[in-house]
Every structure is written in structure tokens, then in C-alpha cells.
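Participant: Provided herewith is a single structure, encoded as C-alpha cells, for subsequent inquiry.
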Amino acid sequence: MPDLSTTFTGVRFRNPFLLSSAPPTESESNILRAFEAGWGGVVTKTIGLHPVVNVIGPKTKFLRADADSPRLSMKKRPGAALHSSWNWELISDKTLDWWVPRLGRIKRAFPDHVLVASIMAGSGNDVELRHWQQLAVACQEQGCDAVELNLSCPHMDRPDMGSNVGKDKELVSIVTQVVKQVTSIPVWAKLTPSTTDIVVEARGAFLGGADAISSSNTFTSLPLVDPETLEFEVNVDGLVSTGGLGGPAILPLSLAKISQLTQAFPDKAFSGIGGISTFEHALNYFLVGCGTVQVCTAAMLDHAIGPNVIRELTDGLGRFLEAHAGHGWTCVGDLVGLRRDRVVAQSRIRRPTEKDYRGGYDAEGYSAPEETKAT
Ligand SMILES: Cc1cc2nc3c(=O)[nH]c(=O)nc-3n(C[C@H](O)[C@H](O)[C@H](O)COP(=O)(O)O)c2cc1C
């Protein structure tokens, strides 16, 4: 059996597959089951200091596509394939005090599995920045191997929380820096994909001392309107707010974000997230430059913690390494970034004729610069 282990931000993983911060990691029993099932690591459901109250009714729904019609709907029906998950769930409804003894117990039961604590606080003033430090120190004291900063939840009202922090490069930097000041374990920053140029916020995180970037959290989105009732497919009393899209639909979107990041920072560490349910999906993230990957939607749909998903991921990696032993690839680290530099500007893609394409800077289907000036 090939060696599936890897080292990421200085932490050794038995395999590079983690459950991401979400319902699969919301409880001690789920996390213990996940480790028993073979996940190399888990990122806990995001932990805060104060209790949160979720909306009434379902917090997550699944959008499905028909094979023989363009219909997209959350309505359950036979033969439909998963398109995406949609959620408006807030962070853990259990506070730090609830989590602390459990984190310690989990780590003692599975010392060789990687436990990452996801944390979130407000960021509007010094008191709130100290909350980030309090959360990070408490998790570190319980033996957590790393912390992941939730700078990316897409459904927070406060302008200094979640993806609203992730859209502000200065706040990203400050939050990362204050957490780095009090921790000796690695600090991962989970960024939102809902910005113009994720490289800008990533630079802020690295300037603040981040050891890795995790991407992507869910993409800001709305459920669709039911054409018969004219109601959103998820609503409470007819009302909806923006939530997050995950699952298969976001795999290519997230991959584009990761590709931007790994090209801008080829020497930094990245944990890829978005739409992964098989090794072939994960392989995309490794090849563009991720050292680990994380899974949520696929695990939610597979006995809540993904026992079949992790079996397929580890079997797939094992099979792949065996099949490619001739290339000298002996571990996942050998695959990381192998296709990073294949993503180039349009003007670098070969044209069918001898003529050069000049990326829109010369007259070729566009008006020439001189003509533009003349009009
Ligand atoms: C119901 C639900 C709850 C989530 N809660 C959190 C959270 O508390 N913290 C966080 O960082 N990400 C959270 N996420 C985002 C996931 O960790 C992950 O980034 C996203 O779902 C994309 O991965 P996927 O395509 O495998 O689902 C949540 C996702 C879902 C579906």
C-alpha cells in the first residue's frame, strides 16, 4: 500500500483528506466517527464565544438537476443528480465552553489524527480582537493541531464578521496577526470566494502571518423561485436572505480561485475546498497546488460524516500512486502544483493560424487603439 501521509504547515497527516468546518464536524460523536472512518483530519464547525440562534426550518437544502430536462429544483424526485447544496446555517450553536472539554477528549482519543479548530469573532474593536485570541488559545491548550480563521461565512449581518472580514484585506491581516501573536500552532485563514480578486485578501492574510489559506467557503447565492408558487424554494414566512452554495456546482469555480492563489503565491500552503466527492475531484486541487483538501456537501449526504467518501478518496489516492509509480511519484506531495503553470493568459494559447493574437491590444475583432481615439 503506498504511503498516503503528508506534512502540511508542519503538521503530519495520515492522509491529505479533511472534513471541512460544517455539520459533519459539529459534535464530538461525529468527529470521533469521522476519525474511525479514516479521515486524516477534521476542521471543527466554527466555534464562537456567544450562542447563536439559527433560522426556523431547514438550514441546508440540496438543489438537483434532471437528466432529461433543464429543470433545477430542490424538490425530491427520482433520477435527479446533485447540483449543489445551499445553506444559511450560522456558526456552531455551542459556545467555546461546550467545546473545550470535548476538543481535549477527541485529541486524547485520536492523538495521531489532525484536529483543526475553526474560530470566529467580531473584529470591530480591540475587545473583539481579543476574543479571537481567547478562542485560539483555548483550542491550542486542548491540543488542537491548528486553527482555521473563519473569514468567509457568507451570511453574517455584521460588517465585521465572516465574509465581510474576508472582503477587507486590512481586517484579514489584523485578525490573522492578533491570532498569530498568541499561538504556536499553525494558523490557516479560510477566505471567501465572493471578492473581485482573492489574491488581494490572501496577501493580507500572509502579511499577517497566515501559515495557509483554505478556499473556498460557499459562494454567496439565493435559492431559486418555484415557478408555480412564486416562493423561494427555501423561505421562512416568504422571506429569504443570501446563503452559501457548495457541492458539485462550485468545483470549477473554486478551482479557478485556487489557481489564482497558487500562481500568486507558489511557495505558500493551500487547503482546497469545493465540490469534492471523489479522488478525481481532489486531484484537481493537488495538481494546481493544494497540499490538503476538505469536504463538506458530499460527506453530509453520506451518513453525515462520509465513510464511503473517505474510503473512495484514500483508495483512489492509493490506486493513483501505485499506477504512477513509474513517474517517481511516491506521495501526494509529489503531485502538488504539477499543473499550476498550465493556467495562462488567453494570449498564450495557440491560434489556428500563424497570426498572433495580442490579447485585445491590437486590431483583431476589436477596434484599433488609433480608431478608438479618433471617434
Ligand atoms: C450546512 C453548512 C454549514 C457550514 N458551516 C460552516 C462553518 O461553520 N464554518 C466554515 O468555515 N464553513 C462552513 N461551511 C462551508 C464548508 O466548510 C465548505 O467550505 C463548503 O461547503 C464548500 O465545500 P463543499 O463543496 O464540499 O460543500 C458550511 C457549509 C454547509 C453546507
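The values are calculated or read from the model by the stated rules, or taken from the named source; none is laboratory data. The structure presented is a predicted model; accordingly, all values stated were derived computationally and were not measured. Because the Cβ atoms are built from the backbone with ideal geometry, glycine has one as well, and the counts that use them run over all protein chains shown. What goes into the accessible areas is simple: the full protein's heavy atoms, side chains included, and nothing from ligands, DNA or RNA. Shrake-Rupley method; radii C 1.70, N 1.55, O 1.52, S 1.80 Å.
Participant: Need one word for region 80-208: rounded, prolate or oblate. Basis is the Cα gyration tensor (sqrt eigenvalues a ≥ b ≥ c); a/c below 1.5 gives rounded, then a/b vs b/c decides.
Facilitator: oblate
Participant: Please state, as a whole number in µm²/s, the translational diffusion coefficient that the Stokes-Einstein equation yields for region 268-324 at 37 °C and 0.692 mPa s, with Rh defined as the Kirkwood radius across alpha carbon pairs. List each step's numbers first, then the result.
Facilitator: Working: Rh = 11.6 Å.
The Stokes-Einstein estimate is 283 µm²/s.
Participant: On to the next question. Counting only DSSP beta bridges with both residues in the chain, what percent are antiparallel, rounded to the nearest 5?
Facilitator: On the way: 19 of 48 bridges.
Percentage antiparallel, nearest 5: 40.
Participant: Taking every pair of alpha-carbon atoms in region 34-92, give the share separated by more than 17 Å as a whole percent.
Facilitator: 61 percent
Participant: How much of the DSSP bridge set in region 1-143 is antiparallel, in percent, rounded to the nearest 5? Before the final figure, lay out each step's value.
Facilitator: Values: 11 of 18 bridges.
Roughly 60 percent of the DSSP beta bridges within region 1-143 come out antiparallel.
Participant: So what is the calculated 222 nm ellipticity per residue for the chain, using -39500 (n - 2.57) for each DSSP H run with n of 4 or more, over all residues, to the nearest 500 deg cm²/dmol?
Facilitator: When only DSSP H runs of four or more count, the value is -9500 deg cm²/dmol.
Participant: With unit charges on the beta carbons (Lys and Arg positive, Asp and Glu negative) and the dipole taken about the Cα centre of the chain, which residue among ALA81, THR330, TRP98 sits farthest to the positive side?
Facilitator: After comparing all options, I get THR330.
Participant: Give me the percent of accessible area attributable to carbon and sulfur for the chain, probe 1.4 angstrom.
Facilitator: Numbers: 9120 of 17340 Å².
In the chain, the share of accessible area belonging to carbon and sulfur is 53 percent.
Participant: How large is the dipole of region 227-295 about the Cα centre if only Lys and Arg carry +1 and Asp and Glu carry -1, each at its Cβ, rounded to the nearest 20 debye? Please list the in-between numbers first.
Facilitator: Details: 2 positive and 6 negative charges, 98 e Å.
With Lys and Arg at +1 and Asp and Glu at -1, about 480 debye.
Participant: What value does region 59-134 have for Rg/Rh, both radii from Cα atoms and Rh as Kirkwood defines it?
Facilitator: Radius of gyration relative to Kirkwood radius: 1.20.
Participant: Classify the chain as rounded, prolate or oblate, taking a ≥ b ≥ c as the square roots of the eigenvalues of its Cα gyration tensor: rounded when a/c is under 1.5, otherwise prolate if a/b is larger than b/c and oblate if not.
Facilitator: Here the chain falls in the rounded category.
Participant: For a 31 Å ceiling on Cα separation, which of these pairs sit above it: LYS59/LYS107; LYS59/LYS180; LYS45/LYS167?
Facilitator: Flagged as over cut-off: LYS59/LYS180.
Participant: For region 1-143, what are the per-bin percents of Cα-Cα distances with bins 10 Å wide, up to the bin holding the maximum?
Facilitator: Taking all Cα pairs of region 1-143, the binned fractions are 11, 31, 29, 20, 8, 1 percent.
Participant: Continuing with the same structure: Give, in nm to one decimal, the length gained when the segment between VAL53 and ARG77 is fully stretched (0.36 nm per residue of separation minus the Cα-Cα distance).
Facilitator: Result: 5.5 nm gained on full extension.
Participant: Under a Cβ-only charge scheme (Lys and Arg +1, Asp and Glu -1), can you give me the dipole magnitude of the chain about the Cα centre, in debye to the nearest 20? The partial results should precede the final answer.
Facilitator: Numbers: 36 positive and 41 negative charges, 101 e Å.
The calculation lands at about 480 debye.
Participant: Follow-up question, since we're still on this one. Sticking with the crude label model, points 7 Å out along Cα→Cβ, report the distance from GLU141 to ARG358 in nm, one decimal please.
Facilitator: So the two model labels end up 6.5 nm from each other.
Participant: Turning to a different aspect of this structure: How big is the dipole moment of region 110-241 about its Cα centre under a simple scheme where the beta carbon of each Lys and Arg is +1, that of each Asp and Glu is -1, and everything else is neutral? Debye, nearest 20, please.
Facilitator: Dipole about the Cα centre, nearest 20: 580 debye.
Participant: Over the chain, give the accessible area per residue in Å² for a 1.4 Å probe, as an integer.
Facilitator: Working: 17340 Å² over 375 residues.
Result: 46 Å² per residue.
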